[in-house]
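Since the structure comes first, as structure tokens, the remarks are kept for the end.
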Amino acid sequence: MPDPKIEKFIKVLKMDPNDETLWFGLGKAYMADENWAEAIPALESCIKVKPTYSAAIFALAQCLKNNDQPDRCREVCAQGIEVATTNGDLLVIKNLEELRDSL
């Protein structure tokens with residue numbers, strides 16, 4: 001049975017596919033279910049809509065690590081550190097560096 005929370009995100013995204021917060025919410029909902037394969041494209045869509053969304057980049061990196069994609073995870077961590085540095089998101093920088101170093 002599909003998760004009602006996920007179904008709601010999908011329904012609303014059909015009406016507004018350019019809402020980065022909905023894509024982020026969908027990705028996080030998939031992450032809560034440990035469904036990394038579905039979370040990855042949702043978070044990629046979020047980042048496509050808003051490339052400076054550093055929390056989404058960190059979430060994507062987490063999913064890639066959990067989905068056994070360490071090389072891509074490293075690339076996303078590097079991208080995320082650059083974005084978070086520009087944004088001044090110190091906590092995200094720290095989290096991305098720790099994630100990168102754990103690979």
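Just to check I understand the Karplus step: with θ = phi - 60° and J = 6.51 cos²θ - 1.76 cosθ + 1.60, what whole-Hz values come out for the stretch 92-103, glycine and proline as x?
5, 4, 4, 5, 5, 5, 5, 5, 4, 6, 7, 7
About the Cα centre of the chain, what is the dipole size in debye to 20, counting +1 per Lys and Arg Cβ and -1 per Asp and Glu Cβ, all else neutral?
Numbers: 12 positive and 17 negative charges, 45 e Å.
That gives the chain a dipole magnitude of about 220 debye.
For residue 38 and residue 72, calculate 0.36 nm times their separation in residues minus their Cα-Cα distance, and state this gained length in nm to one decimal.
Computed gain between residue 38 and residue 72 is 10.6 nm.
So what are the chain's ellipsoid semi-axes, whole angstrom, largest first, if each one is the square root of 5 times an eigenvalue of the alpha-carbon gyration tensor? All intermediate terms of the calculation are to be shown ahead of the outcome.
Numbers: eigenvalues 110, 50, 18 Å².
Sorted largest first and rounded, they come to 23, 16, 10 Å.
For a paramagnetic label modelled at 7 Å from the Cα of residue 3 toward its Cβ, which residues of the stretch 45-77 fall within the zone defined by backbone nitrogen distances under 17 Å?
Within reach of a label on residue 3, which here means backbone N under 17 Å from a point 7 Å along Cα→Cβ, the stretch 45-77 contributes 45-46, 56, 59-67.
Just to check I understand the Karplus step: with θ = phi - 60° and J = 6.51 cos²θ - 1.76 cosθ + 1.60, what whole-Hz values come out for the stretch 67-74, glycine and proline as x?
Here the 3J(HN,Hα) series is 9, 6, 10, x, 5, 5, 4, 4 Hz.
Restricting to Cα pairs below 8 Å that are 6+ residues apart, what does the relative contact order work out to for the chain? Please round to a whole percent. Walk me through the numbers on the way to the answer.
On the way: 123 pairs, mean separation 20.3, N = 103.
The value is 20 percent.
Could you let me know the centre-to-centre spacing of the stretch 1-32 and the stretch 40-103, using Cα atoms, in angstrom?
19
In terms of Cα to Cα distance under 18 Å, which aspartates and glutamates are near enough to residue 94, apart from those fewer than 8 places away along the same chain?
Within the straight-line limit of under 18 Å, residue 94 reaches these aspartates and glutamates: 75, 82.
Throughout, read-outs are computed from the coordinates displayed, never taken from laboratory work. Note that the coordinates shown come from a computational prediction; the quantities given were computed from them, not determined experimentally. Neighbour counts run over all protein chains shown; Cβ positions are idealised from the backbone, glycine included.
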